[in-house]
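Report on one structure; see the data block that follows.
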Amino acid sequence: VTVTDSWGCTKILWVTIPALSNPSVYILSHTNVTCYGSCNGSATCNATGGSPPYTYQWSTLPIQTTATANNLCAGTYTVNVYDSQGCLNNSPATVTILQPNPLTVNLTPSTATCGNNDGNIITNISGGITPFSYQWSNGAFTQNVNNIYYGTYSVTVSDYYSCTVTGTADIELITSSVPVCLVTVDSTSTKNLIIWEKPVATNIGSFNIYREINSVYTYIANIPYSSQSIFTDITNGVNPNTTAYKYEISVVDTCSNESALSSYHRTIHVATSPASPCGFNLIWNDYTGFPVTQYLIYRDSSNTGFVKMDSVSFGNTSWTDFTCYPPNDTISYLVEAVNPAGCISSKAVSHNSTRSNVQKNFSILDNVQLRTDNDMNLKIYPNPTNGKFTIQITDLKSSINNQLSVTNILGETVYSSLINNKSSIIELDLSTQPSGMYIVNIRTGEKVEHKKLLKE
């Protein structure tokens, strides 16, 4: 600076004024969010340089203007600083607020049986900050709960920062099924017996019996738990002499819940036809339900009692008795399969085998001559049939008074007509007849021919 007086004298004085720097800002500390999705984070900055006091400007909505920004959600934030002269920092400070992973609970419930506290729930936690605490709706404080009855349970899980999550699970009732032990035709050959082993339990109320009817397993009976575990089926016209039957059972617990159906068991049905030159052919279906190793074949001649005649291994379902019996003798057959494990339907009754129906036959050697298959003039197709089939008759000895008949395994005639030609093709329909074995007979004079027909 230069000073000049009135006389023109001058004085020059030099003064140095230092240049002030812009303020700068940095993050001093920060606090992360404690719970996922919360906004309780904070950050504190510090300013230097420039001319205090300072004014702050955070990148928040709304803008915060103090050194500490509060209520921050997870994310990245910047802050600028202005000094008293309005000078701005050269670059902002940046801070990132973090949050924990979401706190989640996954419950895995078991099942429980009626009236029993045999259920449990396993709890798995992810996210949050350990340690965790638990509060169950039944008052438990453990991570997992055991020995609980069926019903709905909830749990609230809290982490270190008191973040919470709630989960709910249902303990469902399950009723275990009981297998059929065996099914068999009774000794009178008029009804079927279904036998199972009754488990020792306090929560079983009864057993439901189902029979396959028209390809659908249909309820036919309910047997109380207090009863013997055997059911005699005489419902809906069941007739073991015409076909085999399939059965399943279920358990009904004391909470009125029904189990799934058991695997089915199928009875043995045996049918016969005349053999040549004497005796009878036997054919039957395999038993289904337990492992069969062999079939035992029994014969009763003239009602003197059944005697074991032979045995065949499983998979063989036919056998021929070539015995020539006296005229008008009554010959009965049955087939038996032994259950290797046996069955106990009560403390006093055991059942070790299943038997077929009793197939009765009558000797006819006194009035007919049986031809061999190679000499037959009778053809049937298709065989087996679903009801409709064709009979082809050729080269009969006579063109008049030839008798054609179809009989069931009980010997009852279901079709009969006279054939007045040496050769004929006849179409028949047995759709209304039950499934099973039938015998087609052609009689010409004193000679008769037979062929088996299987209706499925």
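The values are calculated or read from the model by the stated rules, or taken from the named source; none is laboratory data. What you are looking at is a predicted structure, and each value in this text was computed from that prediction instead of being measured. With ideal geometry, Cβ positions are generated from the backbone for all residues, glycine too; neighbour counts draw on all protein chains shown.
Quick one: in the range 121-137, of everything that is surrounded by 14 or more Cβ atoms within 10 Å (Cβ to Cβ) and among the hydroxyl-bearing types (S, T, Y), which residue is farthest from the chain's Cα centre (by Cα)?
As a first pass, look at the range 121-137 and keep what is surrounded by 14 or more Cβ atoms within 10 Å (Cβ to Cβ): 121-123, 125, 127-129, 132, 134-137.
If we keep only those that are among the hydroxyl-bearing types (S, T, Y) too, we end up with 123, 134, 137.
Working: T123: 26, Y134: 35, S137: 32 Å.
It comes out as Y134.
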> Exactly one of (1) part of a loop (DSSP other than H, G, I, E, B); (2) modelled with pLDDT of 95 or more; (3) loosely packed, with under 12 Cβ neighbours inside 10 Å is unmet by Q64. Its number?
Replying inline: (3)
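If a residue must be over 60 Å from the mean Cα position of the chain (by Cα) and not in a loop (DSSP other than H, G, I, E, B), how many such residues does the range 70-93 contain?
Applying the first criterion (over 60 Å from the mean Cα position of the chain (by Cα)) to the range 70-93 yields 78-93.
Narrowing the set further to residues that are not in a loop (DSSP other than H, G, I, E, B) leaves 78-82, 88, 93.
Number of matching residues: 7.
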>> Could you go through the range 195-205 and let me know if any residue there is in the same structural domain as N352 (by TED's automatic domain parsing), within 30 Å of N285 (Cα to Cα) and of a type in the set (S, T, N, Q).
In response: no
>> Please determine whether any residue of the range 249-272 is more than 24 Å from P434 (Cβ to Cβ), among the aromatic types (F, W, Y) and either buried (at least 16 other Cβ atoms within 10 Å of the Cβ) or free of Cβ contacts under 8 Å to residues at least 24 places away in the same chain (or both).
In response: no
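Looking for something part of a strand (DSSP E or B), closer than 22 Å to Y438 by Cα and touching a strand residue (DSSP E or B) at 6+ places or on another chain (Cβ under 6 Å) - is there at least one such residue anywhere in the range 305-319?
First, pick out the residues of the range 305-319 that are part of a strand (DSSP E or B): 307-313, 318-319.
Still in the running and closer than 22 Å to Y438 by Cα: 318-319.
Next, only the ones that are touching a strand residue (DSSP E or B) at 6+ places or on another chain (Cβ under 6 Å) stay: 318-319.
Checked the range 305-319: at least one residue is part of a strand (DSSP E or B), closer than 22 Å to Y438 by Cα and touching a strand residue (DSSP E or B) at 6+ places or on another chain (Cβ under 6 Å).
From the set of residues in the range 358-392 that are hydroxyl-bearing (S, T, Y) and either at pLDDT 80 or above or farther than 30 Å from F306 by Cβ (or both), which is surrounded by the most Cβ atoms within 10 Å (Cβ to Cβ)? Before the answer, list the steps.
First, pick out the residues of the range 358-392 that are hydroxyl-bearing (S, T, Y): 363, 372, 381, 385, 390.
Those still in the list that are either at pLDDT 80 or above or farther than 30 Å from F306 by Cβ (or both) too: 381, 385, 390.
On the way: Y381: 9, T385: 19, T390: 14.
Only one residue fits best here, namely T385.
Determine which member of the set N421, N352, N401 is modelled with pLDDT under 80, assigned by TED's automatic domain parsing to the domain that holds I230 and of a type outside the set (D, E).
Details: N421 fails: assigned by TED's automatic domain parsing to the domain that holds I230; N401 fails: assigned by TED's automatic domain parsing to the domain that holds I230.
Selected residue: N352, the only one of N421, N352, N401 that is modelled with pLDDT under 80, assigned by TED's automatic domain parsing to the domain that holds I230 and of a type outside the set (D, E).
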> With (1) exposed (fewer than 14 other Cβ atoms within 10 Å of the Cβ); (2) touching a residue at least 60 places away in the same chain (Cβ under 8 Å); (3) farther than 30 Å from I148 by Cα as the list, and P102 as the residue in question, which single condition is left unmet?
Replying inline: (3)
>> Here's a check for you: in the range 138-152, which residue that is under 32 Å from the mean Cα position of the chain (by Cα) and surrounded by fewer than 16 Cβ atoms within 10 Å (Cβ to Cβ) is nearest to G167 (Cα to Cα)?
In response: T152
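Is it the case, given these coordinates, that S162 is in the same structural domain as T44 (by TED's automatic domain parsing) and either outside any strand (DSSP E or B) or at pLDDT below 95 (or both)? Break it down stepwise before answering.
Values: in the same structural domain as T44 (by TED's automatic domain parsing): no; either outside any strand (DSSP E or B) or at pLDDT below 95 (or both): yes.
Answer is no for this residue.
Table: residues versus (1) of a type in the set (G, A, S); (2) over 12 Å from I194 (Cα atoms).
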position	(1), (2)
S229	yes, no
T235	no, yes
A244	yes, yes
S259	yes, yes
S273	yes, yes
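Looking for whichever is over 30 Å from I122 (Cα atoms) and assigned to a loop (DSSP other than H, G, I, E, B) here; the options are N208, N236, N222, N241. Which one fits? Even if it seems obvious, please write down each step before you answer.
Working: N208 fails: assigned to a loop (DSSP other than H, G, I, E, B); N236 fails: assigned to a loop (DSSP other than H, G, I, E, B); N222 fails: assigned to a loop (DSSP other than H, G, I, E, B).
So the residue among N208, N236, N222, N241 that is over 30 Å from I122 (Cα atoms) and assigned to a loop (DSSP other than H, G, I, E, B) is N241.
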